[in-house]
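Peer 1: This is the structure I have questions about; it appears just below.
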Amino acid sequence: MKKQQIIILVALLTVLLSVSACGCLGGGKKKEKAAPAPSVQSETPTTGQEAIDLKKAHDEKALTDEEYKEAKEKLLKEGEQPTKESAEQPKQEQKETEEKAK
């Protein structure tokens with residue numbers, strides 16, 4: 001009888017050690033959270049970002065004072081005028097709304 005108890009005890013200890021070694025009891029490595037998805041940025045930089053890039057290029061002496069001044073003026077003029085896409089966007093949205101209403 002005592003021999004049978006020892007065999008059962010050894011078997012239980014073996015199972016317990018095997019389960020704890022594989023991390024099945026929560027003692028294994030903690031799972032790391034997945035990194036958040038990168039934010040989606042538009043393909044074209046904003047006027048502000050282009051101005052920052054111009055200033056950086058000027059500060060690093062990649063552009064002369066004259067080149068920087070001309071590029072900045074051109075950028076500011078382009079930023080004031082709506083692009084063809086942005087001018088057509090409200091028309092496209094209105095058309096889609098009308099089609100849905102039908």
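The values are calculated or read from the model by the stated rules, or taken from the named source; none is laboratory data. Since the model is a prediction, treat every value here as computed from it, not as a measurement. Heads up, the Cβs are rebuilt from the backbone with ideal geometry, glycines too, and the neighbour counts pull from every protein chain shown.
Peer 1: In segment 59-71, what residues are at pLDDT 90 or above and surrounded by 10 or more Cβ atoms within 10 Å (Cβ to Cβ)?
Peer 2: Asp59, Ala62, Thr64, Glu67, Tyr68, Lys69, Glu70, Ala71
Peer 1: Continuing with the same structure: Being exposed (fewer than 10 other Cβ atoms within 10 Å of the Cβ) and either of a type outside the set (D, E, K, R) or modelled with pLDDT under 75 (or both) is the requirement here; does Lys3 meet it?
Peer 2: In short, no.
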